[in-house]
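Engineer: Submitted below is the structure of interest, expressed as structure tokens.
Only the coordinates and a few stated rules stand behind these numbers; no lab work does. Not measured: the values here are computed from a predicted model. Methodologically, a virtual Cβ is constructed for each residue, glycine included, from the backbone with ideal geometry; neighbour enumeration extends over all protein chains shown.
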Amino acid sequence: MFISDNYDVNAQGNLTIGGVDTTELAAEYGTPLYVMDEDLIRNTLRRFHESFKKYYDGKGEVHFASKAFCCLEMCRLVASEGDGLDAVSIGELYTAVKAGFPMEKVGFHGNNKTDEELRFAIEHGVGHIIVDNLSELSRLEKIAKDMGVKARIMFRLKPGIDAHTHKAVMTGQIDSKFGFAIETGEAFDAVKEALSCENIELSGLHCHIGSQIFDIEPFEEAARVMLRFIADVKNKLGFEVKELNLGGGFGIKYLEEHDPVPFEVYMERVSAVVSKECEKLGIIKPFIFIEPGRSIVASAGITLYEAGSRKEIPNTRTYIIVDGSMADNPRYILYESEYEAVVANKASQPRDERVTIAGRCCESGDLIGENMPLQHAEAGDIIAVLATGAYNYSMSSNYNRLQKPAVVFVKDGKSRVVVKRESLDDIISNDV
Ligand SMILES: *Cc1c(COP(=O)(O)O)cnc(C)c1O
């Protein structure tokens with residue numbers, strides 16, 4: 001009935017998430033409110049592990065892309081499942097450190113890391129730093145030397161795959177601000193350079209071809225390109241790369257009409273490509289890292305709002321204005337990302353109206369979505385926007401000096417706050 005099995009309707013006709021009545025959550029914690037289903041997050045991580053076991057002899061590790069949803073409790077959850085993290089800033093690294101995360105299971109990304117961030121990463125023993133460019137490599141070499149250590153790195157490469165076209169186009173992505181291009185020779189030169197650095201240990205190579213990708217072919221093609229490059233390095237430099245990081249980007253179901261391939265299928269097909277290609281190229285099968293973000297948390301999360309005014313503009317549209325905004329969900333104003341919504345307290349009724357759900361910010365473009373099927377909504381109704389677990393809380397802001405909502409985890413019929421709602425004093429806490 002809903003886009004994800006963890007959403008349901010109870011006997012009272014209210015929407016539930018992970019078995020918990022969303023109208024009760026709204027009453028207890030207030031709105032807007034982010035709610036995350038802990039079991040679904042854990043089960044999804046376990047499905048990834050199972051796939052590695054089943055299709056690749058368990059020679060792989062999941063690094064949750066923490067930019068999709070990062071807070072102390074999420075880091076603890078990921079650690080308790082035995083997975084790693086992909087972090088992209090000192091703030092994400094600091095959160096992991098404070099959560100007691102095993103830092104050797106952290107990969108540190110970023111296309112413009114500061115010296116402070118590089119030092120922090122080394123001090124806290126991150127597993128590998130994913131180096132984006134040559135100036136970063138030389139800064140890192142100096143920093144590692146000063147600190148008397150050898151920094152373990154991967155290189156971020158551009159395999160030249162444009163995943164947003166529906167075919168794998170091999171040249172589309174040279175124009176990207178991330179990483180080294182393979183086809184220009186830039187990546188090869190970087191590997192040579194790294195091998196000559198005393199305080200750098202090149203452990204692997206990385207690529208990430210995009211996000212919310214529904215096709216399998218671009219992933220298969222990226223794996224092939226990376227493995228061919230590994231073979232080229234082996235043949236020309238006598239150095240064998242033993243770790244391959246294939247990034248994230250698995251698509252999820254936001255709308256009824258979306259039909260993403262279950263990620264087990266990606267895992268099966270890409271593992272098969274890797275095994276076959278390695279044999280063909282005469283290289284050892286690398287240890288594989290993947291960095292899923294959205295596919296782990298998106299469906300696990302919803303946002304609850306209270307409806308305020310209803311504005312019917314004849315022959316134009318009906319606005320339902322909610323007590324949230326682009327400050328808690330900037331994805332519509334950024335990318336026109338679409339979501340399904342439900343009136344939580346009328347969830348068993350048909351969604352027989354088409355409305356625009358608008359936020360409360362001083363921007364006409366501050367919409368949660370347009371032309372959305374919804375039950376007849378009036379002031380005081382609770383509106384649930386589904387599949388907001390990824391890139392909503394993590395992209396939220398204080399625009400209009402709005403307080404960021406709380407994040408609540410539900411599990412086994414119970415709920416608990418994992419991020420408190422910001423107070424008014426939080427809003428002015430850094431003002432002097
Ligand atoms: C954003 C990102 C990911 C995660 O992407 P999802 O689409 O959320 O799975 C993984 N790796 C890198 C390098 C990223 O930038």
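Engineer: Mind listing the long-range amide H neighbours of F64? Cut-off is under 5 Å, sequence gap 5 or more, other chains count too, H placed in the peptide plane at 1.01 Å from N.
Structural biologist: The answer is G84, L85, D86.
Engineer: When S196, S89 are ordered from fewest to most other Cβ atoms inside 10 Å of their Cβ, what list results? Walk me through the intermediate numbers first.
Structural biologist: Working: S196 9, S89 17.
So the residues, fewest neighbours to most, are S196, S89.
Engineer: Further question: Alpha carbon centre of the stretch 171-215 versus the stretch 61-78: separation in Å?
Structural biologist: 24 Å
Engineer: Pairs K67/K253; K53/K411; K67/K404; K54/K234; K53/K276; K59/K177: which are spaced more than 23 Å apart, C-alpha to C-alpha?
Structural biologist: Pairs exceeding 23 Å: K53/K411; K54/K234; K59/K177.
Engineer: For the stretch 299-379, what does the convex hull of the Cα positions come to per residue, in cubic angstrom?
Structural biologist: 98 Å³
Engineer: Taking square-rooted eigenvalues a ≥ b ≥ c of the alpha carbon gyration tensor, is the stretch 199-332 rounded, prolate or oblate, where a/c under 1.5 means rounded and, failing that, a/b exceeding b/c means prolate?
Structural biologist: prolate
Engineer: For the chain, treating each Cα as an identical point scatterer without solvent, what Debye log10 I(q)/I(0) comes out at q = 0.06, 0.08, 0.09 1/Å?
Structural biologist: -0.27, -0.48, -0.60
Engineer: Still on this structure: Give me D5, D86, D426, D21 sorted ascending by neighbouring Cβ count inside 10 Å, so fewest comes first.
Structural biologist: In increasing order of surrounding Cβ atoms, one gets D5, D426, D21, D86.
Engineer: Let me know the Rg and Dmax you get for the stretch 293-432 when you use only its Cα atoms, in Å.
Structural biologist: Cα only, the stretch 293-432: 15.3, 51 Å (Rg, Dmax).
Engineer: Need one word for the stretch 1-118: rounded, prolate or oblate. Basis is the Cα gyration tensor (sqrt eigenvalues a ≥ b ≥ c); a/c below 1.5 gives rounded, then a/b vs b/c decides. Kindly include the intermediate steps, with their values, before the conclusion.
Structural biologist: On the way: a/c = 2.87, a/b = 1.52, b/c = 1.89.
Since a/c reaches 1.5 but b/c is at least a/b, the shape of the stretch 1-118 is classed as oblate.
Engineer: Exposure proxy check: C71, C362, C207 ranked by fewest other beta carbons within 10 Å?
Structural biologist: Taking fewest neighbouring Cβ atoms as first place, the list is C362, C71, C207.
Engineer: Moving to a separate point now. Determine by what factor the alpha-carbon radius of gyration of the stretch 86-147 differs from 2.2 N^0.38 Å, reporting the quotient. The partial results should precede the final answer.
Structural biologist: On the way: Rg = 10.7 Å, N = 62, 2.2 N^0.38 = 10.6 Å.
Here the answer is 1.02, to two decimals.
Engineer: Among D162, D259, D366, which one shows the biggest mean-square fluctuation in a GNM of the chain, springs joining Cα atoms closer than 10 Å?
Structural biologist: The residue with the greatest mean-square fluctuation here is D259.
Engineer: Still on this structure, I have one more. Using a Gaussian network model of the chain with C-alpha springs under 10 Å, which one of V417, V342, V408 is most mobile by mean-square fluctuation?
Structural biologist: Sorting by GNM fluctuation, first place goes to V417.
Engineer: Straight-line reach from K150: which lysines fall under 16 Å, measuring Cα to Cα and dropping same-chain residues less than 8 apart?
Structural biologist: Output for K150: K142.
Engineer: Once you've got the GNM for the chain with C-alpha springs shorter than 10 Å, pick whichever of L246, L15, L281 has the biggest mean-square fluctuation.
Structural biologist: Largest GNM mean-square fluctuation: L281.
Engineer: By its C-alpha gyration tensor, with a ≥ b ≥ c as the square roots of the eigenvalues, how is the stretch 77-211 shaped: rounded for a/c under 1.5, else prolate for a/b larger than b/c, else oblate?
Structural biologist: Numbers: a/c = 2.27, a/b = 1.28, b/c = 1.78.
Taking the square roots of the gyration eigenvalues as a ≥ b ≥ c, the stretch 77-211 is oblate.
Engineer: Would you calculate a helix-derived [θ] at 222 nm for the chain, using -39,500 (n - 2.57) for each DSSP H run of n ≥ 4 and dividing by the full residue count, to the nearest 500?
Structural biologist: Calculated mean residue ellipticity at 222 nm is -9000 deg cm²/dmol.
Engineer: Hey, another quick one. Pull up all non-local amide H partners of G247: gap of 5 or more, or a different chain, and H-to-H distance under 5 Å with H placed in the peptide plane.
Structural biologist: C207, E291
Engineer: Give me the extension gain from E279 to N400: residue separation times 0.36 nm, minus the current Cα-Cα distance, reported in nm with one decimal.
Structural biologist: Gain on extension, E279 to N400, equals 37.8 nm.
Engineer: Let me ask you something else. Under 5 Å between amide hydrogens, which residues at least 5 positions from D381 or on another chain qualify, with H placed 1.01 Å from N in the peptide plane?
Structural biologist: A307
Engineer: Taking Cα centroids, how far is the stretch 359-415 from the stretch 272-330 in Å?
Structural biologist: 14 Å
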